[in-house]
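Beneath this line is the structure, given in structure tokens, with notes to follow.
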Amino acid sequence: VKPSKTVAITDHATALAQAGVPVIRLAAGEPDFDTPAIIAEAGINAIREGYTRYTPNAGTLELRTAICHKLKEENGVSYSHDQIVVSNGAKQSILQAVLAVCSPGDEVIIPAPYWVSYPEMARLADATPIILPTLICDNFLLDPEVLESKISEMSRLLILCSPSNPTGSVYPKKLLEKIAEIVAKHPRLLVLSDEIYEHIIYAPATHTSFASLPGMWERTLTVNGFSKAFAMTGWRLGYIAGPKHFVAACNKIQSQSTSGASSIAQKAGVAALGLGYAGGEAISTMVKAFRERRDFLVKSFGELEGVKISEPQGAFYLFIDFSSYYGIEAEGFGKIENSESLCRYFLDKAQVALVPGDAFGDDSCIRISYAASLTTLQAAFERIKKALISLRPAVPV
């Protein structure tokens, strides 16, 4: 199992900042907003009221009931509380789902660019990750024909992430329906729908839950959580919803690993879901700020020579193709050969920390997280631009 490059780069950039190097850190996928006050207060009150003991392994009945209500109202999918398991973050929910349904030799189909942890989670389950590349000209969306050509009798799980990390792409409903038609032909194939960014979405794009499509409820494991939309990354709270036998298996794995999530975080989670549809005003204010930042970066990078961009429709990442700069000798640095060396160049020359695309299965690109203030992003862009100007594109674009 490889370590997460995102975590490694974030840790390295943090160490540089602590040593006094003025690094701008745009590697981690973490909102720069504080947890909304109502949610924080609910956590504080839980501590004050002594709500600090173990909870049921699958999560409190109060939180699971609130999650069922949210899924029905916002996503059009019905679950009972025994079809929900609350975990220490959506990441744990995904790992447990992969471990629960995959046997050694099974294949896990993963469109690339992918979140760094998906292939490693497949390997942890002794399954084989099958990577399906997508193209920037298709907004990094999976081609149903490519999917159909790669499904075999060993295919067990298809992982979809919409809005996507690292690309910000959002799967339109029509495309998901085509994918669902293909899934329907293969009774053994399940879908893990990672919907952690569902509320960070920019109109006219809309979110569709895969489980809401005809015939897909029985075939889908839906993962979501509180980290991104509610700015609750450190609270470590996520959940999975799905058919009872799959979710029961996830619950069993959790009972032998971490047990239940934090009692305090779960009280905060109830408060988060009480903010109203899609998180209400607190979340729409955040999304508005993310959209403004996206627009600034798309326009700014779009004006640079030799750069290709697919405009993100959700999340808070920009996945930019800088491959025209590969093969250039940078003075005082050496040759820029790939996304990793270009990221090292940006860290060295521009003091901006970004994540190389090879960590996400696409070496032509680099991921920029715009979960930072507009002034920070403006400063970062100027530094990157200056560093690029001292290079020249190897191939005119």
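Starting from residues that are in contact with a helix residue (DSSP H, G or I) (Cβ under 9 Å, 6 or more places away or on another chain) and farther than 16 Å from Glu340 by Cβ, keep the ones in the range 1-20 and report whichever is least open to solvent (accessible area, probe 1.4 Å). Ranking the qualifying residues of the range 1-20, first place goes to Leu16.
When each of Ile136, Ile44 is tested for being over 30 Å from Ile366 (Cβ atoms), in the same structural domain as Glu195 (by the TED database) and open to solvent by 10 Å² or more (accessible area, probe 1.4 Å), the lone residue that passes is Ile44.
Would it be correct to say that Ile196 is out of contact with any Lys or Arg (no Cβ under 8 Å at 6 or more places or on another chain) and open to solvent by 10 Å² or more (accessible area, probe 1.4 Å)? It is false that Ile196 is out of contact with any Lys or Arg (no Cβ under 8 Å at 6 or more places or on another chain) and open to solvent by 10 Å² or more (accessible area, probe 1.4 Å). In summary, Ser209 fulfils each of the numbered conditions (1) open to solvent by less than 20 Å² (accessible area, probe 1.4 Å); (2) in contact with a Leu (Cβ under 7 Å, 6 or more places away or on another chain) with the single exception of condition (2).
Evaluated against (1) modelled with pLDDT under 95; (2) outside any loop (DSSP other than H, G, I, E, B); (3) surrounded by 14 or more Cβ atoms within 10 Å (Cβ to Cβ), Glu74 falls short on exactly one condition, (1). Of all residues in the range 352-362, those satisfying the criterion of being out of contact with any Asp or Glu (no Cβ under 8 Å at 6 or more places or on another chain) and either within 19 Å of Pro111 (Cβ to Cβ) or of a type in the set (Val, Ile, Thr) (or both) are Val352, Val355, Ala359, Phe360, Gly361, Asp362. Residues considered: Glu177, Glu153. Of these, the only one that is open to solvent by 10 Å² or more (accessible area, probe 1.4 Å), more than 25 Å from Leu71 (Cβ to Cβ) and touching a residue at least 12 places away in the same chain (Cβ under 8 Å) is Glu153. Against the test of being β-branched (Val, Ile, Thr), closer than 30 Å to Gly215 by Cα and either over 23 Å from the mean Cα position of the chain (by Cα) or part of a helix (DSSP H, G or I) (or both), the options Ile38, Ile44, Ile67 yield a single qualifying residue, Ile67.
With respect to Glu49, determine if the residue is in contact (Cβ under 8 Å) with a residue 60 or more places away in the chain, in the same structural domain as Ser259 (by the TED database) and either open to solvent by less than 60 Å² (accessible area, probe 1.4 Å) or out of contact with any strand residue (DSSP E or B) (no Cβ under 7 Å at 6 or more places or on another chain) (or both). For Glu49, the condition - in contact (Cβ under 8 Å) with a residue 60 or more places away in the chain, in the same structural domain as Ser259 (by the TED database) and either open to solvent by less than 60 Å² (accessible area, probe 1.4 Å) or out of contact with any strand residue (DSSP E or B) (no Cβ under 7 Å at 6 or more places or on another chain) (or both) - is not met.
Close Cβ contacts (under 6 Å, 6 or more residues apart or on different chains) running from residues in the range 369-382 that are in contact (Cβ under 8 Å) with a residue 12 or more places away in the chain to residues that are hydroxyl-bearing (Ser, Thr, Tyr) comprise Ser369/Tyr317; Leu377/Tyr370; Phe381/Ser300.
Please enumerate the residues belonging to the range 301-357 that are in contact with a helix residue (DSSP H, G or I) (Cβ under 6 Å, 6 or more places away or on another chain), among the acidic types (Asp, Glu) and surrounded by fewer than 18 Cβ atoms within 10 Å (Cβ to Cβ). Passing the criteria: only Glu311.
The values are calculated or read from the model by the stated rules, or taken from the named source; none is laboratory data. The structure displayed is predicted, hence computed values, not measured ones. Here Cβ is always computed from backbone atoms with ideal geometry, including for glycine, and neighbour counts include all displayed protein chains. The protein model used for the area step is the full one, side chains on, heavy atoms only, and it has no ligands, DNA or RNA in it. Shrake-Rupley method; radii C 1.70, N 1.55, O 1.52, S 1.80 Å.
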